[in-house]
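Working notes for the structure below.
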Amino acid sequence: MPYSPTKREKRILMNRSSEFLTVVELKQFIESSRSNILPIRVAELLRDRPFVSTNLRAEIELLAPIADELRAKLEEHQKRHHSRSRRRLTSERPSQHTTRLMASLCQISLQELTCSFNYHGFKDESVEQFHQLLQMSATVGDPKLRADVLIFTSGYQMWKGNPAEGLDQLDEAYNIGRTIQSSHIQLEVLISRCQVYMHQGDYDVGKELLSEIATFLQHNPATPKQVGMVKILQALQGKTGNAITLMLEALKMTRDYPLSKMTIFYSLAQQYYRLKKYAQSLQCIQRGIRIARQLHARNNLIFLYEYAAQIYGDIEQYDKGNRMLRKGMKLALAIGAPYPVQLITMQQGNYALKAGDYPTAIAHYNQLLENKAAKNNLRMSFFARRCIVEACVELGRYSEASEQIAEMENILNVIHSPIVLDHYFLQIGRLHHRQGNLELSIKELQQSVFFAEEAGNIAVAIKAHLELAEIHEKKGDLRQALHHMKEQSRLQREQSKQIATEQLHITQASIEVEQYRKEAHRARKQRQKAEAELEELTLSLLEKKELMQKVRSEARQLMADVEEQHLSAVSKTLRHLMNYVNEGALINKETLLHLRSADEEFYRRLRERFPDLTNGQTRLCGLIRAGLTNSDIASVLHIAPGSVKQQRYRLRKVLSLGIDTRLETFLAML
């Protein structure tokens, strides 16, 4: 039975103020519905309109009872169906209603788990829910729902430290997207894959995937959120100045997605931190914290606290940093999220290392490596071992440092990245220097310089040259020592020049953002004016319908009065009818002219992106974007409603839209 909303529900479904669904609208929808199949209606509403989180706690409180009600109904229906099948000795294949209940439960559980992850992270007790979700999505036979579940559960596998299983699930989701010709699913999978490889430190594969994504975007449509995520991934691969510009562009694209905005502010803080612009970095973190508090995104809030502590540590404001760490640890223990606890533990080790408390630092890092998930996270494991080596070298515990270097070498067999190799050879060179193996130390430090220059990591190259100058001075080779000191000075000048260039990029990007804000304000005003005009035009259409009804009623009266003695009355009535018809035609003409002038920028973008559109198809796009129904469009264009459906079908083919993309949503985002 297809979803057919009531009139009151339809007003919420067709809300023109936003193409997204929020918890406020969902609550209004639930309160307005008196149907006994409310959970199924809610699930279908979540499927049809993209959901944007604004208050995670309220969303979980709203969705959890509906999911419980669906589970109870499903269990009851399965018991009845099982007993009926046994009495009739028939197959126990799920009935149509069972499948519908299962699909609805799958949709609501997916949204509930998504909110729960941002609220308190993945928990061990969520394992059973994930298994049930995968089983149900495979049973219901909805490929789009199955792909969405696979993409989400791949993130869960990454959290558990099973990247191979996560990538297998992404491969299955990508094959589903290709089978049903859904560009949205395929792009989501490509973005998720790129995130997995970059999280593991495999930047070479990440670059290849980014190139594939760029080619994919040239031939397929994408939502602003997806474009924003791609820009963030490109930013993480590029230089800092360009990265900040890309992230500011991503911020424009994701202004309607609070969670994405919070992620971008976190990434911006990291880029400003690399430039040693600690004030701007803290400002971005504070804006991210503000959004996280509004959303009740406690899991994300922990990461923001941890990074704020890292910044305060670098500017030697340890009291504020420790306060942030205490807040983060308290929150992590409260929600029982293991990964944030590991992250806070690592930051506590960093604080101890900076303070020169090497035994405490080693204890924190060893505590971190005892956790299986942290150990399987290669980047985190490599960083912790590198810091242990540094602390052991300072304490003279060379054998322990050598053991950690051997473990780092095993990680390097998986991760082939210059960003990791430069640190690796730097630590080995320092170890050999402290042990007195000067020749070996020189060889390893030269390797560190090579990989640092290849990765563009000037800071590591400066440290390696400083160490080399000290070694050559000990050997009495003053010429080589002077050479390395000159190289160190050259790199420092280059670093200052690079920072100045990147600051120029940031200034230009800030100017562009300010211009964009002004343009957005102007466009918002024009849009409000256009919406007011469209509202008037809609009212004029209703008046036109009343006029046509009046014409029909008078025509019926005319047919009853057609007699020889009433010819004068007939002539007079005909003149009235012609006036009414002409007035209705004027309304249609004015409607089309106003639609064209109200949103000229939309028509310009439409013609640039799809030059093959006919004038009739362009006009139809404007009417659909204005929110007119098929019957309204048929009335304006003087055609049958069935013809409008045929024209919409042809329009979707010209725009190359997948089956999971709504025409109204696509045109609204264009």
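Here are a few things to note about the model shown:
- Legend: residue pairs K320/K497; K277/K518; K497/K518; K225/K330; K231/K645; K225/K320, Cα-Cα distance threshold 28 Å; pairs beyond threshold, K320/K497; K497/K518; K225/K330; K231/K645; K225/K320.
- Net charge in the neighbourhood of T345 (other residues with Cβ under 11 Å of its Cβ; Lys, Arg +1, Asp, Glu -1) is -2.
- Close amide-amide hydrogen proximity is noted between F51 and L21, each under 5 Å apart and 5 or more residues distant or on a separate chain (H modeled in the peptide plane; Pro and chain starts excluded).
- Computed with a 1.4 Å probe over protein heavy atoms only, the accessible area of E439 comes to about 120 Å².
- Full-extension gain in nm, E172 to R609, via 0.36 nm per residue minus C-alpha separation: 154.2 nm
- Working note: Karplus 6.51/-1.76/1.60 with θ = phi - 60° gives the stretch 67-78 the couplings 4, 4, 4, 5, 4, 5, 5, 5, 4, 5, 5, 5 Hz, where Gly and Pro are set to x.
- Neighbourhood net charge (14 Å Cβ-Cβ; Lys/Arg +1, Asp/Glu -1) for K73: +1
- Residue-level accessible surface for E61, protein heavy atoms, 1.4 Å, Å²: 120
- Here the stretch 310-415 has 47 percent of its accessible surface on carbon and sulfur atoms, given a 1.4 Å probe and all protein chains in place.
- Spin-label model, T99/T215: points 7 Å from Cα along the beta carbon direction are separated by 3.7 nm.
- Multiplying the residue separation of T501 and E453 by 0.36 nm and removing their Cα-Cα distance gives an extension gain of 15.5 nm.
- Electrostatic dipole magnitude of the stretch 242-297 [Cβ: Lys, Arg +1; Asp, Glu -1; Cα centre; debye, to 20]: 180
- Förster radius 35 Å - calculated FRET efficiency between E128 and Q294 (Cβ-Cβ, nearest 0.05): 0.65
- Measuring between their Cα centroids, the stretch 138-178 and the stretch 298-332 lie 33 Å from each other.
- Accessible surface of Y174, taken over heavy atoms with a 1.4 Å probe and every protein chain present, rounds to 30 Å².
- Computed over protein heavy atoms with a 1.4 angstrom probe, the accessible surface ordering of K653, K207, largest first, is K653, K207.
- Extension gain, A58-H199: 0.36 nm per intervening residue step, less the Cα-Cα distance, totals 47.7 nm.
- R80-E439 pseudo-label distance in nm [points 7 Å out on the Cα-to-Cβ vector]: 8.7
- Positive dipole terminus of the stretch 355-465, leading residue within I388, Q447, I405 (C-beta point charges): I388
- Phi to ³J(HN,Hα) by Karplus 6.51 cos²θ - 1.76 cosθ + 1.60 over the stretch 435-448, Hz, x for Gly, Pro: 7, x, 8, 5, 5, 5, 4, 4, 4, 5, 5, 5, 5, 4
- A cut-off under 13 angstrom between Cβ atoms defines the neighbours of K330, and their net charge, with Lys, Arg +1 and Asp, Glu -1, is +3.
The values are calculated or read from the model by the stated rules, or taken from the named source; none is laboratory data. As the structure is a computational prediction, the values presented were derived from the model and not from experiment. A quick note on method: Cβ atoms are made from the backbone with ideal geometry, for glycine too, and the neighbour counts reach across all protein chains shown. The protein model used for the area step is the full one, side chains on, heavy atoms only, and it has no ligands, DNA or RNA in it. Shrake-Rupley method; radii C 1.70, N 1.55, O 1.52, S 1.80 Å.
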